[in-house]
Amino acid sequence: MPSPDQLAAWQRLSALATRPHTDQTDRFARYTIELPGLFIDFSKQRIDHDVLAALLDLAEQAGFATARARLFSGATVNVTEQRPALHTALRAPAAERPSIAGDVVDATLARVLRFAAAVRTGEHRGHSGKTITDIVHIGIGGSHLGPELAVEALTAGRAAPLRCHFVANVDGHAIATTLRGLDPARTLFVVVSKSFATLETQVNAASARSWFLERVGSLTALRQHFVGITANVPAAQAFGIEEHAIFPMWDWVGGRFSLWSAVGLPIALCAGPDAFLGLLAGARAMDEHFLGAAPDRNMPLLMALAGIWNYDFLGATNQVVLPYDQRLRLLPDYLQQLEMESNGKRVSLDGQPVSVPTMPIVWGGEGTNGQHAFHQLLHQGTSRFAADFILVANADHTLEEHQRWLLANGLAQSQAMLLGHDDPDPHRRVTGNKPTTTIVLDALTPGALGALLALYEHKVFCQGVLWNINSFDQWGVELGKRLALPIHDQLRGQSTAGQDASTAGLVAHIRARARNAH
Ligand code: F6P
């Protein structure tokens, strides 16, 4: 593949970016798309007919259709790890799954649903015969962010038979706070780690095991209280989890794309087996749209193209995620991993330095809270950004006045970003013309959430294709992990010889100050 900036469409887009876009009539009709339960409005993007045509040409010249077919068919799209990326197979009917995903998908899903139902109904109990009341999920990154987002989104404000707690950070405050007040006889630990080697998860799981054993004192009892979800079965067994309590993960599903696999167990436990099935069905509906819709009506492709236009041509270095729904408060965190770990890359598929910038910085927070914090910068600051507003038409409560104010604020913010305010006082002036997309869900059902997350997954994939990078590896995270190992020992007293001056000095300072140094 030639580098993106060598494509004729890229050059055309560079030229188009230097002229104001022509404001067409019928923008709302032209630039909105509706699927059952999910509506998307691109009409506040700085896109016109010519820009859209050139963006669609770019997708074609970059080989989008072939790349999409390769993704779904199980081709080796993750070239540096020589793996397919088959998260879509986890929600596809058996007949449409590539053979590598074969029967294991159905068998695993059936186990997840069965186990979740058994815990929820009290059929699976703790060692002393008491029912389980609390789930402690231990995992980080892709083994944490999706499940926590989905559990919170689908259980907020609803009566649930199980309380779900998430521990990711190696900071002991996280697990200590979580365990305080829990009854070990009624607690189920779910240890999730594809590699079963991630330091944070290992340290947290070991502390959870010690906490349990100190209180219950029986290794046999532990078996009723720990399940593992991993591709590394021997390591989970060595930790003390019995084989029958280990749910599989596979090389062909990347961590940040894994909530559709057994990693979604907490969703089935806490929101219920039907909710998990609904989530899968919603994602599948988005897969079908992505596969079947014409490029100019294809939501994920258009989101990707709008993102590339904003970032590479209009200089919007920030991608702001603004869910106007408290239940989606964790969406920005989830998208930070999905987008930045996937596409924060500086070499192309063949290992050459990329010739165009890739991946804006993703951040955000729930509306309306952000309006009283960082929106000042969005309206009057000098950093360029594009924003996604996510609105949900129907709430799960009956406080209609709250809901109307919430939605009115979401719409008003995107309107302010579009129109600005031409005040004679420069301190009060708001420039406007900031590109935003608004996504409206009818309701935050499992299906709508599944479709929303799959929409972003496919957007990320499309952008990887257009930038000609590998969206499915994450080598950049390894260096820091490696460097932490000797520093850990140096904090315990080992010599810092060979360290850079700052690190050696900081280690010495912390050791001098820390109560438990040595
Ligand atoms: O360090 C990054 C990362 O490898 C992510 O890609 C992954 O989601 C996370 O760590 C957790 O990995 P694991 O599931 O193997 O514990």
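The listed residues Arg83, Arg68, once ranked by accessible area (1.4 Å probe) with the largest placed first, stand as Arg83, Arg68. Stretching Trp475 away from Thr382 to a fully extended chain increases their span by 30.2 nm, per 0.36 nm per residue minus the current alpha-carbon distance. Take every Cα pair under 8 Å whose residues are at least 6 apart in sequence, average their separation, divide by the length of the chain, and the relative contact order is 18 percent. Normalised per residue, the accessible area of region 1-81 is 49 Å², obtained with a 1.4 Å probe and no contribution from ligands, DNA or RNA. For Gly228, neighbours were defined as the other residues whose beta-carbon sits under 10 Å from its Cβ, and their charges (Lys and Arg +1, Asp and Glu -1) total -2. Computed from point charges on the beta carbon alone (+1 for Lys and Arg, -1 for Asp and Glu), the dipole magnitude for the chain about its Cα centre is near 1260 Debye. Extension gain for Thr18-Glu288 works out to 93.6 nm (0.36 nm per residue, less the C-alpha to C-alpha distance). Across all Cα atoms of region 95-200, the radius of gyration (one decimal) and Dmax (whole number) stand at 15.6, 48 Å. Surface listing: Lys44, Lys459 arranged by accessible area from highest to lowest gives Lys44, Lys459, probe 1.4 Å. Of all lysines in the structure, those lying under 17 Å Cα to Cα from Lys481, and not within fewer than 8 positions of it along the same chain, are Lys194. By the combined test of axial Cα extent (at least 27 Å) and Kyte-Doolittle hydropathy (mean at least 0.0), the qualifying DSSP H helices of the chain come to 273-292, 446-467. Take every Cα pair under 8 Å whose residues are at least 6 apart in sequence, average their separation, divide by the length of region 340-435, and the relative contact order is 22 percent. Spacing of the modelled spin labels on Leu485 and Asn394, each 7 Å from Cα toward Cβ, amounts to 5.4 nm. Computed from the Cβ-Cβ distance with R0 of 51 Å, the FRET efficiency linking Gln494 to Val79 stands at 0.85.
Listed peptides 178-187, 447-456, 490-499 appear in the order 447-456, 178-187, 490-499 once ranked by packing, highest mean of other Cβ atoms within 10 Å at the front. Below 23 Å, Cα to Cα, which lysines can Lys459 reach? Residues fewer than 8 away in the same chain don't count. Cross-link targets: Lys44, Lys345, Lys434. Express the carbon and sulfur contribution to the solvent-accessible surface of the chain as a percent, rounded to the nearest whole number, probe 1.4 angstrom. Percent of accessible area from carbon and sulfur atoms in the chain: 54. Measuring only protein heavy atoms, the 1.4 Å probe finds Arg114 accessible over about 150 Å². Sorted largest first, the principal axis extents computed over the alpha-carbon atoms of the chain equal 72, 57, 50 Å. Modelled label positions at Lys130 and Glu60, each set 7 Å beyond Cα in the direction of Cβ, lie 6.6 nm from each other. The distance between label points at Ser355 and Glu401 comes to 6.0 nm (points 7 Å beyond Cα on the Cα→Cβ vector). Computed about the Cα centre, the dipole magnitude for region 55-188 is approximately 500 debye when only Lys and Arg (+1) and Asp and Glu (-1) carry charge, each at its Cβ. Computed extension gain for Phe28 through Arg297, at 0.36 nm per residue and net of the alpha carbon distance, reaches 95.5 nm.
The values are calculated or read from the model by the stated rules, or taken from the named source; none is laboratory data. What you see is a predicted model; the values in this text were computed from it and never measured. Using ideal geometry, Cβ is built from the backbone for each residue, glycine included, and neighbour counts are taken over all protein chains shown. For accessibility, only protein heavy atoms count, side chains too; no ligands or nucleic acids. Shrake-Rupley method; radii C 1.70, N 1.55, O 1.52, S 1.80 Å.
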